[in-house]
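So the structure is just underneath, and the comments pick up after that.
The values are calculated or read from the model by the stated rules, or taken from the named source; none is laboratory data. Worth saying up front: this structure is predicted, and the values here are computed from it rather than measured. Note that we place each Cβ from the backbone using ideal geometry, even for glycine, and neighbour counts take in every protein chain shown. What goes into the accessible areas is simple: the full protein's heavy atoms, side chains included, and nothing from ligands, DNA or RNA. Shrake-Rupley method; radii C 1.70, N 1.55, O 1.52, S 1.80 Å.
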Amino acid sequence: MKNLQLSVRDLVELIYGSGSISNLKDLKNRATEGTMIHGFWQDKYLESDRKEVVVKEVFTNESFELNISGRIDGVLYRDNTYIIEEIKSTHIDFDVLEETTTPSHLAQAKVYAYIYAKKENLDRIEIWLTYIDVKTRKIKQLKNVFSFNDLEIFCLETIELFFDWQEKLLNHEEERLSSIEGLKFPFDKFRFNQRRMMAVIYRNIVAREVAYIEAPTGLGKTVASIFSALKAIHQPRQKIFYLTAKNDGKRTALETVRLLEEEGLKAKTVEITAKDSVCLLEKRDCDPNVCPYANGYYSKVFKAIEDVFMNVSKFSRQVIDDYARKHVICPFELSLDLSNYSDIVICDYNYVFDPIVHLTRYFEDNVYQPIVLVDEAHNLVSRSRDMYSAAINKTAFEEFLEISQYLKPNPTFQVKEIIKMFEDAEKKLEKIDFLREYQIDDLLIHKLKVLLVKFDDILTNEKLTIGKEDIQNLYFLVNRFIKISEYYNEEFVYLIERDKDDYFISIKCLNASGFINDVIEDYLESIVFFSATLKPIDYYKNLLTNDIGKFSAFSSAFKPANLLVLAVDNVSTRYHDRAQSIPRIIDTLKAMIASKKGNYIVYFPSYYYMKQVQKKAFEEIENVHFITQTRDMSGLERNEMMNQFAENPDETQVFMFVMGGIFGESIDLVGELLSGVLIVGVGLPGLSNYNNVLKSHYDLKFRQGFDYAYTYPGLNKVIQAVGRVIRTESDKGIAILLDDRFTMRKYLRLYPNAWSHLEICNDPNDIEDMIDSFWKSE
């Protein structure tokens, strides 16, 4: 018999959930508000009345023993009748507030009433649902008398519905564990070093440790990591989180699960996609009066979950979209609720590590202890800093003034106070455009909190008709700034900046490793970071896990001879030398494409540099189709760009991309889809005030300021760009590194082993000859 623990509230919200999604639910935690309302009403109780009465009951069937418990808000005795009172704070107009408005409220009170009546041997009992308006403190009470028999029938029917659902979950769990025990690897042969990598991952998870794994393209990291994690599962309903920042990474993970299912795996897998990307409206608006998928969500979601769970194993983005439309509910919220019943969760890094948007059900409660696999882990360094950073700007508040006077309560005074603080900060920037402060301005934080309270009152006004989106946008901006300020320590800086015609006040995180490590230690069973580029490993360990974790590196199965790596080291691409470098880039590009018609990529450190070279290339290189990345490309434009890569094109195509951008990694160009890449420059992040603050901070902490802030992030972009060339064992291609720094010792020691045969070649004619010989050696 399986033992289950559950609160009465969780029980009734699962079975009788009701209500709608609203933007309001994201705005403020109502727990404090509810506590105040309860205290307000309970202070009026008679001396004989009892409050916060703890009740417990046990229910059993052949499979389960369910222990439910809860706290009754009030047990009263009036006119020879016992009364169970359930107190609820509300913003709903009393004219439309009935028992059916939120069925879980009455259900909760009825379960409490049954347990109490059973204990006290009562044959009847009264229930009061007491609703208290948060603003006015007005009261509406809904009163009913129930016989013990009626309460017993209701309660046992509720428990039976819960047991039926738990039976389905239990059957799946037994099937899952049995399938994992007998699960075989989905391929006849392991790739080179793949089995060794799997052993490292498995041992790491069993030992509950942190692992860093550098494994090149083609080793099969995704299937190796997911298979090993499944084999390491040792407790019921234990989850695997597979984190990836790219849609391609999600697709690969889902495909891996499909292959494992063909080998007999029984698992439920959910793909979580950003809210704006999956919204079924043309423009997202979570107001239930606007969005039919938000309206009544909680009254429909349990049926939808049961429907999906019993009919599908992989809850992909498309599957979730289909079922969301079928049940008329929000696809994003459905994906989050489905994660409760999923064995594998595929999502972005922020759902685990971001302090504001992380999934609280898993990462603020140490009950679950999930296994976490981090794909393309090199991206997490900068992403984690962003997760713990926030900024507000003067223009946002000034523009808000245009509507503030029409809102009730009127926030104009509070907004003007904050603008005044920006104006005071401006005076410090009369001769500079950047100022670093060592402490947060506590007065600013106080004024922002006051404004936030005012916003909350405005947004809870059911009659709000104008400016809702503007209020919410500024609310989220301010709310994030306040929350991030609570994490401020020696790993942060407080910045005042001028950018064009606007002023910014920022809290910037310089090193989030302490926070990431806290998540790992407090909530995870184990974590594995893996990538094709994790060198130098100290850089990643210091900036991700406070130097905690074991490192393993595995060499590639690809033949080094399949990749021709050349360095052109007699030209500088530093900012002040770029105009002079353009002729050399053009000559090198001509040499690269001369011997074979195909697709080629040139990667640049900036858009402006790329545009300069593009203009010259158009003038000097004939019979070539040039395709250039533009800023802020939409998803559709990116897909159209990728569709232009074709095997054996009629004419040579040269794609011009920015290093580290959307085409710098995670694009898979197999076989004849890509013949070579030209890397212009060492990929250093642009010199900026913030990057120089990073440099100074890392100098003090690690004595490697320039390398941590500039060299290593830049080289990572270079290695990722070159990694586009060889994707399978049969691929052949060229990589040309153009910059005099590429042959400096500190760079040479960090290159992948697959580049060990790198050759220096500075004459364009010699480059053309070497490439011609390379292609003829096929």
| task | Provide the net charge surrounding I520, with neighbours chosen by a C-beta distance below 11 Å and charges set as Lys +1, Arg +1, Asp -1, Glu -1. | result | -4
| task | Using θ = phi - 60° and the Karplus relation 6.51 cos²θ - 1.76 cosθ + 1.60, list the HN-Hα couplings for the stretch 240-252 in order, rounded to whole Hz, with x at every Gly or Pro. | result | 10, 9, 9, 9, 8, 8, 10, 4, 4, x, 5, 4, 5
| Amide H to amide H, which residues 5 or more places from V602 or on other chains are under 5 Å from it, using H placed in the peptide plane? | F655, M656, F657, L678
| task | Return the FRET efficiency for the residue pair S48, R137: r is the Cβ-Cβ distance, R0 is 35 Å, and the value is rounded to the nearest 0.05. | result | 0.90
| query | For Q612, what is the net charge nearby, where nearby means another residue's Cβ is under 14 Å from its Cβ and Lys, Arg count +1, Asp, Glu -1? | reply | +2
| remark: Pseudo-spin-label distance T412 to V328, built 7 Å along Cα→Cβ, given in nm, is 4.2
| note | Quick shape check on the stretch 452-509: root eigenvalues a ≥ b ≥ c of the Cα gyration tensor, a/c under 1.5 is rounded, otherwise prolate if a/b tops b/c, else oblate, and it reads oblate
| said: Which order do the peptides 283-294, 140-151 come out in when sorted by mean C-beta neighbours inside 10 angstrom, highest first? | reply: 283-294, 140-151
| query | If you work out semi-axes √(5λ) of the Cα gyration tensor in Å from the coordinates, which of (i) 74, 35, 31; (ii) 45, 33, 24; (iii) 55, 34, 23 do you get? | reply | (iii)
| said: Under 5 Å between amide hydrogens, which residues at least 5 positions from L510 or on another chain qualify, with H placed 1.01 Å from N in the peptide plane? | reply: F492, V493
| More than 26 angstrom apart: percent of Cα pairs within the stretch 652-778 | 29
| request: Would you mind getting the accessible area per residue of the stretch 323-366, heavy atoms of the protein chains only, 1.4 Å probe, in Å²? | output: 29
| remark: Counting only protein heavy atoms and rolling a 1.4 Å probe, one gets per residue an accessible area for the stretch 156-271 in Å² of 44
| message | Give me the extension gain from F148 to T81: residue separation times 0.36 nm, minus the current Cα-Cα distance, reported in nm with one decimal. | response | 22.8 nm
| task | Apply 1/(1 + (r/R0)^6) to the Cβ-Cβ distance of L636 and L401, taking R0 = 45 Å, and write down the FRET efficiency to the nearest 0.05. | result | 0.80
| field | Mean accessible surface per residue for the stretch 478-541, computed with a 1.4 Å probe while every protein chain stays in place, in Å² | value | 34
| request: Taking H placed 1.01 Å from N in the peptide plane, check which residues at least 5 places from E65 or on another chain put their amide H under 5 Å from its amide H. | output: K2, N3, L4
| field | Peptides 482-493, 249-260 ordered by average Cβ neighbours within 10 Å, highest first | value | 249-260, 482-493
| note | Once both label points are put 7 Å beyond Cα along the C-beta direction, the W775-S69 separation in nm becomes 7.5
| note | Check: C-alpha center the stretch 248-291 vs C-alpha center the stretch 433-458, spacing in Å is 37
| Given the Cα-Cα distance of K246 and D538 and 0.36 nm per residue of separation, how much length would full extension add, in nm? | 102.6 nm
| query | Got a number for carbon plus sulfur as a percent of the stretch 190-245's accessible area, 1.4 Å probe? | reply | 51
| task | Kindly work out what percent of the DSSP beta bridges joining two residues of the stretch 79-215 are antiparallel, to the nearest 5. | result | 55
| With labels modelled as points extended 7 Å from the Cα through the Cβ direction, what inter-label distance (nm, one decimal) is found for F476 paired with V290? | 1.2
| message | Students often forget the sequence filter, so: which lysines lie under 17 Å Cα-Cα from K283 once same-chain residues fewer than 8 apart are removed? | response | K275, K468
| Carbon-plus-sulfur fraction of the accessible area of the stretch 20-169, 1.4 Å probe, in percent? | 47
| Quick one: Karplus J couplings for the stretch 312-327, per residue in order, coefficients 6.51, -1.76, 1.60, θ = phi - 60°, nearest Hz, x for Gly and Pro? | 9, 9, 10, 8, 6, 4, 5, 4, 4, 4, 4, 6, 5, 5, 4, 9
| Span from the the stretch 74-114 Cα centroid across to the the stretch 750-778 one, whole angstrom | 78
| request: May I ask you to compute the full-extension gain from E759 to L281, defined as 0.36 nm times their residue separation minus their alpha-carbon distance, rounded to one decimal in nm? | output: 166.6 nm
| remark: To the nearest 0.05, the calculated FRET efficiency linking K118 and E490 through their beta-carbon distance, R0 being 56 Å, is 0.45
| message | What is the percent carbon and sulfur in the accessible area of the stretch 644-710, measuring with a 1.4 Å probe over the protein chains and ignoring ligands? | response | 49
| field | Neighbour-limited loop hits for GluC sites (Glu not before Pro), the stretch 389-434 (at most 11 other Cβ within 10 Å; DSSP other than H, G, I, E, B) | value | E430
| message | Need one word for the stretch 301-370: rounded, prolate or oblate. Basis is the Cα gyration tensor (sqrt eigenvalues a ≥ b ≥ c); a/c below 1.5 gives rounded, then a/b vs b/c decides. | response | prolate
| Quick one: which of 649-656, 343-350 comes out on top by average Cβ neighbours within 10 Å, and what's the full order, highest first? | 343-350, 649-656
| query | For the stretch 499-516, what does the Karplus curve 6.51 cos²θ - 1.76 cosθ + 1.60, with θ = phi - 60°, yield as ³J(HN,Hα) per residue in whole Hz, taken in order and with x for Gly and Pro? | reply | 10, 6, 9, 10, 10, 10, 10, 10, 10, 10, 7, 9, 7, 9, 4, x, 6, 4
| query | Taking the stretch 733-766, which trypsin sites (Lys or Arg not before Pro) meet the DSSP loop condition and have no more than 12 other C-beta atoms within 10 Å? | reply | R749
| query | Can you give the % of DSSP beta bridges in the chain that are antiparallel, to the nearest 5? | reply | 35
| note | Taking every other residue with Cβ under 12 Å from the Cβ of L687 and scoring Lys and Arg +1, Asp and Glu -1, one gets +2
| query | What is the stretch 402-522 by shape, rounded, prolate or oblate, if you read a ≥ b ≥ c off the alpha carbon gyration tensor as root eigenvalues and call it rounded for a/c under 1.5, prolate for a/b larger than b/c, and oblate otherwise? | reply | oblate
